[in-house]
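Taking it in order: structure first as structure tokens, then the write-up.
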Amino acid sequence: MNYRTYSRSRAVLMTVAAFALLTGGSTFTYVAVRHSATDPIELSLGAQAAGPSSSGYSYRRLTAPDRTQMVDAKGKTVAIMTDGARTVHISGPQRNFAEPRFTKAKVPAEFWVRLAPREWRAGAEKEKWFTDWFAKARKDRSPDVLAVAREYTYVALPKKDAKGRQYSGDAAFGPLSDIDPDGRAENSDFYDYLGVSWEFPDKKEKPTASHIRSLDCSGFLRMVYGYRMGYPLLGTNNAGPGLPRRATAMASVGPGTLLMPNTGMRARELDRLLPGDLLFFNAGPVQGANIEHSGMYLGVDDRGHHRFISSRTTANGPTMGDLGGESILDGTGYWALRWRTARRI
């Protein structure tokens, strides 16, 4: 019996979710890259500095991946927009993510991850759709992608909509299973958690009663980005205008920008990651390019490690903790060695 399952009966007595969302803390070192306002420096190979816009911001084009960095008059990063992706990383008040039940590490975060109404392309900073959207997004303090993700971790308090339907709160991975090698069944999508039928553009689905309040690894990502944040979803694993169902399809034919190729070997391009990126792992018995697990990058924790969150069987649900392997991409741990690729949607 894993620690999470053993303790679940006491969850109603706890008033604070272990994956706390706090404010304050020390400066987040991987976000605010500071430069001289009078003599801006290149941030990466091929970077090109542009003059100030009418809004007072300047824009730099960066590579690997191709993206646009918005900076203020002091050279501080204001936002990052990646070509082919809708996720926009906006600097804001720092938050600290934690899950003390399963790790002592904390992840300080200054980036707020939002979904723009369109995929980014070079030069879009001059277009009205972006300027109108960004003016509102920079002031928005409603839950972003990272905050929504923590709403499904251990003992996260339930929230209900106007119809009384629970849409967030502690999620299990799936029901116990005698045939699954990890002891818990997969195939728990967001509509299973909600207990509602769903019609995708390419398929209709009904929830499975035993999977209610459960999210497997890809179902967790679809709940956060799809149901909660409004990113289009597909019901199958085919390429199309939306996020596919399974982790392997997200990695190979999913939307957005692939951050590094899947060579079948351990991915090492940590400097290309930003919070909210989707991560893909080989977690099966046969090593190589196969993808069997997915998660979300959170950032560099207070111990200097690149930490992620994912839903997995050992913790019986979403966790950024170290039960069943450290949730970090660097080092020589289980997940670090099996990380294969990443995508920004």
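The values are calculated or read from the model by the stated rules, or taken from the named source; none is laboratory data. These numbers come from a predicted model, not from an experiment. Neighbour counts run over all protein chains shown; Cβ positions are idealised from the backbone, glycine included. Areas reflect the complete protein model, heavy atoms only, side chains present, ligands, DNA and RNA absent. Shrake-Rupley method; radii C 1.70, N 1.55, O 1.52, S 1.80 Å.
Can you list residue pairs whose Cβ atoms sit under 6 Å apart, with the first residue in segment 220-239 being in contact (Cβ under 8 Å) with a residue 12 or more places away in the chain and over 14 Å from Ala171 (Cβ atoms) and the second being open to solvent by 30 Å² or more (accessible area, probe 1.4 Å) and assigned to a helix (DSSP H, G or I)? Count only pairs 6 or more apart in sequence or on different chains.
From residues that are in contact (Cβ under 8 Å) with a residue 12 or more places away in the chain and over 14 Å from Ala171 (Cβ atoms), the pairs are Ala239/Val253.
Count, please, the residues in segment 113-132 that happen to be more than 14 Å from Met70 (Cα to Cα) and surrounded by 22 or more Cβ atoms within 10 Å (Cβ to Cβ).
2
Residue under question is Pro275, and the condition is that it be at pLDDT 95 or above and either over 22 Å from Asp182 (Cα atoms) or not basic (Lys, Arg) (or both); does it hold?
Details: at pLDDT 95 or above: yes; either over 22 Å from Asp182 (Cα atoms) or not basic (Lys, Arg) (or both): yes.
It is true that Pro275 is at pLDDT 95 or above and either over 22 Å from Asp182 (Cα atoms) or not basic (Lys, Arg) (or both).
Please specify each residue of segment 257-282 satisfying the condition of being basic (Lys, Arg), in contact (Cβ under 8 Å) with a residue 40 or more places away in the chain and more than 15 Å from Arg343 (Cβ to Cβ).
Across segment 257-282, the qualifying residue is only Arg266.
Return the only residue of Arg95, Arg118, Arg138 being in contact (Cβ under 8 Å) with a residue 24 or more places away in the chain, among the basic types (Lys, Arg) and under 30 Å from Asp192 (Cβ atoms).
One residue alone meets the criteria, Arg95.
How about segment 143-254: which strands (runs of 3 or more DSSP E) wholly inside it have at least 1 residues that are crowded, with 21+ Cβ neighbours inside 10 Å?
It comes to 166-168.
Of the residues Asp132, Asp140, which single one is modelled with pLDDT of 95 or more and not in a helix (DSSP H, G or I)?
The unique qualifying residue is Asp140.
What residue, among those in segment 92-109 that are in contact with a Ser or Thr (Cβ under 9 Å, 6 or more places away or on another chain) and assigned to a strand (DSSP E or B), is surrounded by the fewest Cβ atoms within 10 Å (Cβ to Cβ)? Write out each step before concluding.
Narrowing segment 92-109 to residues in contact with a Ser or Thr (Cβ under 9 Å, 6 or more places away or on another chain): 93-96, 99, 101-103, 105, 108.
Remaining after also requiring assigned to a strand (DSSP E or B): 93-96, 108.
Working: Pro93: 10, Gln94: 18, Arg95: 22, Asn96: 18, Pro108: 22.
Step by step, filter segment 92-109, then rank; the result is Pro93.
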